[in-house]
Amino acid sequence: MILLDKSLHQFAPQYFGTAFDIQQSLDDDVCDILMIACSCHGSAPDEVSIAGPERIFTLQHLAATVPAATEESPTSAADDLAYAFQYFDFKHVILCGHMGCNVIRRWAQPDQNDSRGLQKKFQQTTASVVDQTYPTRLDHERQRLLICEHLLCQLENLLTHDFVLDRLETGELRLHGWLVDEMTARIRAYDAVHGRFVPIEKLRRESLAQS
């Protein structure tokens, strides 16, 4: 379990789903899952046993970064997201980071080649939040927190897009924040109620117990 400062992010718990919700689909031939993953992920992120590959449309961007709708300069990632929602009737969006993310590891270092300004943006947002909120953490703990908080910041960016928020508010869409541990192949899912990342099967059991 990865505990975080819940006060940093004000997510509506009803926007989030569980693995159990994904597995309830009766039609494995319909593409109803959007997975946004990292470009440097070591394995194909859509090869998950939770759903057949026909159900998953995958976008891969550096550190699974999602641009906010308010950003002045449109990016290819923004175009990809708009295209996906235009042509597919998604029921789930999985934002998938990974614990061994080399992109975030490089962005956390000084003096990188930052011609596109991505490192600067990361330093001003995620890194600033982590250093102010968790100032006494050791280097390996800071790295883990950077990965977790970056994922949550991207979920917040996702909610700035009306075509996402409108479907969440009507209950037609569910969010999922996943972190893959490459060393164990385990997935932790974000628990918006308690502000933590827990093993995906634990979140499912808790959801079933409450239903």
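Read-outs: derived from the displayed coordinates by stated rules, not from any lab. Predicted model, so just to flag it, every value in this text is computed and none were measured. With ideal geometry, Cβ positions are generated from the backbone for all residues, glycine too; neighbour counts draw on all protein chains shown.
Provide the percentage of antiparallel DSSP beta bridges, counting only those with both residues in the range 2-210; round to the nearest 5. Walk me through the numbers before you get to the answer.
Values: 10 of 29 bridges.
Counting DSSP beta bridges with both partners in the range 2-210, the antiparallel share is about 35 percent.
Compared with the dominant principal axis of the Cα atoms in the chain, helix 200-210 is inclined by about 50°. The calculated 222 nm mean residue ellipticity attributable to helices in the chain amounts to -10000 deg cm²/dmol, summing -39500 (n - 2.57) over DSSP H runs of n ≥ 4 and dividing by all residues. Listed by chain and number, the aspartates and glutamates whose C-alpha is less than 13 Å from the C-alpha of LYS202, apart from same-chain residues fewer than 8 away, are ASP191.
If exposed GluC sites (Glu not before Pro) are those in a DSSP loop with at most 10 other Cβ within 10 Å, what is the longest stretch of the chain that has none?
Values: sites that count: GLU47, GLU72.
No qualifying site falls inside 73-211, the longest such stretch.
Here the Gaussian network model covers the chain, with springs between Cα atoms less than 10 Å apart; of PRO53, PRO110, PRO13, PRO110 fluctuates the most.
Within the P(r) computed for the range 2-210, what percentage of the Cα pairs occupies the region above 25 Å? Write out the running numbers ahead of the final one.
Details: 7476 of 21736 pairs.
In whole percent, the share of Cα-Cα pairs in the range 2-210 beyond 25 Å is 34.
Of all aspartates and glutamates in the structure, those lying under 16 Å Cα to Cα from LYS121, and not within fewer than 8 positions of it along the same chain, are GLU71, GLU72, ASP111, ASP131, GLU149, GLU156. Taking TYR190, TYR15, TYR87 as the candidate residues, the one with maximal mean-square fluctuation in a Gaussian network model of the chain, Cα springs under 10 Å, is TYR87. Its Cα gyration tensor gives the range 86-211 an equivalent ellipsoid; the semi-axes, largest first and in whole Å, are 27, 20, 13.
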